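Please read the structure below before turning to the comments.
The values are calculated or read from the model by the stated rules, or taken from the named source; none is laboratory data. All of these numbers come straight from a predicted model, not from anything done at the bench. FYI the Cβ positions are ideal-geometry reconstructions off the backbone, even for glycines, and counts take in every protein chain you see.
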Amino acid sequence: MKCAFASPHVRATAIEANAFPRLAEEMEVWAVPRIVVDGVPQWDGAAPEPVFVARVLGASFG
Amino acid sequence: MAILRPEEEARARELLSALERPVELLVALGREETPLPGARDVDFGAETLRVAEGLAELSERVTVRVEHEPEGFPRFPSVAIRPEGRDAGVRFDGLPWGYEIGSLIGGVLEAGRRDSSLRPESLEALAALDRELAIDVFVTPT
């Protein structure tokens, strides 16, 4: 969420997996938090800020 | 029924007193996906509105607005966290409950800051972003 508040190019959505089981299944949510960038699942689990930012930007550019 | 325990409510009220600008919670209601078995007795939309209104009661800088199936919302219920009523692209889809009420409060606190709480190097990296980026974080209440 902090990334989205800081950049007009970033949108951030927290999605409660139990409320949207079909989407959760599609994104292969077996553990939370599950991070998905541009519709592509990336990783599970919390990450320190520098790692999180590097990973989401890396996923975006990758 | 209160959304927070008394000690949690006192702490949340204290945190929200630091808001430097108004934050609007836009509660988007509409047709909901059939949830998992066992959760069907919960009115997710009504509960989401109750949580948002419960937070607004803790700070005069937090307001709540409700819209029915507004444009650009793929799922309902959803709460958009809007600094000064502006769409910043930040949402919580589904019922923010349990542990996730804390996440919603965290979002409100960040929206209420005039300056980002991110590290300078993170802001620098984000400033170099020249395309749209959608981050989805799947969570559960426990």
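Here are a few things to note about the model shown:
- Any hit, region B:120-134, residues being among the hydroxyl-bearing types (Ser, Thr, Tyr), over 13 Å from B:Leu25 (Cα atoms), part of a helix (DSSP H, G or I) and over 17 Å from the mean Cα position of the chain (by Cα): yes
- In region A:2-12, the residues that are assigned to a strand (DSSP E or B) and either buried (at least 22 other Cβ atoms within 10 Å of the Cβ) or more than 7 Å from chain B (Cβ to nearest Cβ) (or both): A:Val10, A:Ala12
- Which listed residue, of B:Leu95, B:Leu36, B:Leu58, B:Leu49, is among the hydrophobic types (A, V, I, L, M, F, W, C), in a loop (DSSP other than H, G, I, E, B) and modelled with pLDDT of 95 or more: B:Leu58
- Of the residues making up region B:108-142, not one is in contact with a Ser or Thr (Cβ under 9 Å, 6 or more places away or on another chain), more than 7 Å from every other protein chain (Cβ to nearest Cβ) and of a type in the set (Asp, Glu).
- Qualifying residue in region B:99-116 (condition: without any contact (Cβ under 8 Å) to a residue 40 or more places away in the chain and either assigned to a strand (DSSP E or B) or over 11 Å from the mean Cα position of the chain (by Cα) (or both)): yes
- Every residue from region B:1-31 that is farther than 11 Å from B:Leu109 by Cβ, in contact (Cβ under 8 Å) with a residue 12 or more places away in the chain and out of contact with any Pro (no Cβ under 7 Å at 6 or more places or on another chain): B:Ala2, B:Ile3, B:Leu4, B:Glu9, B:Arg13, B:Pro22, B:Glu24, B:Leu25, B:Leu26, B:Gly30, B:Arg31
- Those residues of region B:65-98 which are within 11 Å of the chain's Cα centre (by Cα) and more than 10 Å from chain A (Cβ to nearest Cβ), in sequence order: B:Arg82
- Residue in region B:1-8 that is out of contact with any His (no Cβ under 6 Å at 6 or more places or on another chain), assigned to a helix (DSSP H, G or I), over 20 Å from A:Thr13 (Cα atoms) and among the aliphatic types (A, V, I, L, M) present: no
- Single condition B:Val79 does not satisfy, out of (1) without any contact (Cβ under 8 Å) to a residue 40 or more places away in the chain; (2) buried (at least 20 other Cβ atoms within 10 Å of the Cβ): (1)
- Tally of residues being assigned to a loop (DSSP other than H, G, I, E, B) and more than 7 Å from chain B (Cβ to nearest Cβ) across region A:13-33: 3
- Enumeration of residues in region A:34-47 that are within 7 Å of another protein chain (Cβ to nearest Cβ) and among the acidic types (Asp, Glu): A:Asp38
- Failed condition for B:Leu126, given (1) in contact (Cβ under 8 Å) with a residue 40 or more places away in the chain; (2) closer than 12 Å to A:Val53 by Cβ: (1)
- Any hit, region A:24-38, residues being under 20 Å from B:Asp130 (Cβ atoms) and at pLDDT 95 or above: yes
- Evaluation of B:Arg131 against (1) at pLDDT 95 or above; (2) basic (Lys, Arg); (3) over 21 Å from A:Pro21 (Cα atoms) (one fails), failing number: (1)
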